[in-house]
Amino acid sequence: MKRKLKKIVPFCIALNIFLMPCQDVYAGSVLADTQESSGQIKVGNNSVVLTDDETAYISVCTRDIILKRFEDKFVFDNFSADFEEGNSDYVNFDIVADMTYIENPYNTNYVNGMKEAIAEIEDEDYKAIAEQIKNDYIEIQMKSYLVPERTGFRYQIKMPDVVETKEDLDKCILYSRTEIGFGNDLVSPICSLGSISNMTSEEVKKLFDSAPTREEGRESIFDELEELNQTKLFAAGTINYNCSSAVTYAKNHAKDEPEFSIKNGQSDCANFVSACIHKGGIPYDKAGKWYSSSYKNIGYPGDNWMRTGYNGNGGVKTYLVDKKGYFKKVKKSNVKPGGFLFWNDKSHVALVVSNSGGTLKYSQHSNEKQDKAIWSYDEKQSITCYNPDSNTINVE
C-alpha cells in the first residue's frame, strides 16, 4: 500500500497562514508559532514520508495536547520536534521542551489528603511520624518546583492511505511511544490530529491517568505507618541507599554511549539502571550475580545486573525486589526519585528521576545512544513502580 506524497497547495496555504507570525523557514525544518508561554517550535524533518509543512502541523497539534494535558501544573518553553525517516504506515517523532513544575507542592490534592490523614491520628507519636512522612514528600516535590527541566515526549503518527489535504492529515492517529530497542517500540493510540483543537483541557486529561488524588494522599500516610510496624530484616545502616546519588548519576550518564548496543546484539537498559542503583549505594554481589562488567575485571555483568527480569530468567527486578527485598512495589503516585520502573509488556527498565504534579519522569538506556537525558512517562504504557524499601535498607 503506497501513500501518495502529493503536495497540495490549499493545505500549504492554510498552514502558512497559521504559521504567519514566524519569520524563520529553512530547508529541512520549519519554525511554527505557538501559544503564549511556549515560544516557537523548531522542527527537524528527517522523514521521507512527510513534507516540512506536514511535520510543522503535526508538531503544533502535539504541542497543543501537551499544553492542555499539563495545564495549571506545568509551563513550557523552547519546544522542538524531531521526525525520523518513517514509512508509508507510520512516522516516529520526539517533542522536547523546557518543562517547569508550577503547582505549589504544599497545596496539592495529594498533600491535602495527607493532612487529612494526620488530623485523624490520635496517637501523638504516630502523628509526629506521619507529619515527617508528609514533610519528606513535600521536600522531594520542592526539588522540582519552579525548576525548568528539559524533557522529552515520544510519539508516533499512524498514516492514512492517502494524504492530499489537511482533512486527510487530520485523520492521522497520534500514538504515545516508548522506545524499547530492536524495533520493539510500545505504542498506544491517543486520538486523531483533527480532534485535538476541539478538545478541552479536561477532555484531554481524561485520555491519560488522573493526577494523584486527595484520597491517594490520605491512604499513603496509613500505608507507610503500617509498614513501619513491620520488623526490619536488617539493622538500620547495614546498607545505605542514597536516592539523590542514583538520580544524579542517571541524569549525568543517560546520554552516554551504551555499553551493550545494537552493534553487539544487546540492549543496555538493565545495565544502566543497575549502575545507577549501585551508585546510590547498593553493593555488588558476586554470589547473587549482580555486578557490572568492570567488577574484578570479570568482563561481563552478572545475569541479575544485565537482565530486566521480564523473561523469568533473573534480572534487576528479580534480584532487587524478589530476592533481596531492597526495593518494594508501590503505586505510581508514590514512586520516588531513585526508584525504578519495570515495563509489564516488554523487557525494559528505567530509573525514576522525578514524580511531581502527577507526572513521572525517568532516565534510560536502550540499544542505541539516547539524545535526551529525561523522558516523560506516558500513562498508557503498563508499568510497575518500585521504591527503595526502608524495611531492609537505610534510605537516604
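List of remarks:
- Computed on the chain, with alpha-carbon pairs under 8 angstrom and 6+ residues apart, the relative contact order is 15 percent.
- Nonpolar atom fraction for the chain, defined as the carbon and sulfur part of the 1.4 Å probe accessible area, stands at 48 percent.
- In the chain, the DSSP beta bridges split such that about 85 percent are antiparallel, to the nearest 5.
- The range 64-104, relative contact order [Cα under 8 Å, separation at least 6], %: 44 percent
- Under a Gaussian network description of the chain, with springs only between Cα atoms under 10 Å, the residue in Glu124, Glu202, Glu139 that fluctuates furthest is Glu124.
- Extension gain, Leu146 back to Asn87 (0.36 nm per residue minus Cα-Cα distance, nm): 17.3 nm
- Two-site FRET efficiency, Cys191 against Glu215, from Cβ-Cβ distance with R₀ of 30 Å, rounded to 0.05: 0.60
- Gyration tensor verdict on the chain (Cα atoms; rounded if a/c is under 1.5, prolate if a/b is larger than b/c, oblate otherwise): oblate
- Förster-model FRET efficiency, 56 Å R0, Val48 and Asn311, C-beta, rounded to 0.05: 0.95
- Between Lys158 and Asp223, the simple spin-label model (points 7 angstrom out along Cα→Cβ) gives 3.2 nm.
- With a Förster radius of 35 Å applied to the C-beta separation of Ala119 and Asn252, the computed FRET efficiency comes to 0.25.
- Fully extending the segment from Glu71 to Ala287 would add 72.8 nm, taking 0.36 nm per residue of separation and subtracting the current Cα-Cα distance.
- Per residue value of the accessible surface for the chain (all protein chains in place, 1.4 Å probe), Å²: 45 Å²
The values are calculated or read from the model by the stated rules, or taken from the named source; none is laboratory data. Since the model is a prediction, treat every value here as computed from it, not as a measurement. Methodologically, a virtual Cβ is constructed for each residue, glycine included, from the backbone with ideal geometry; neighbour enumeration extends over all protein chains shown. Ligands, DNA and RNA are excluded from the accessible area calculation, which covers all protein heavy atoms including side chains. Shrake-Rupley method; radii C 1.70, N 1.55, O 1.52, S 1.80 Å.
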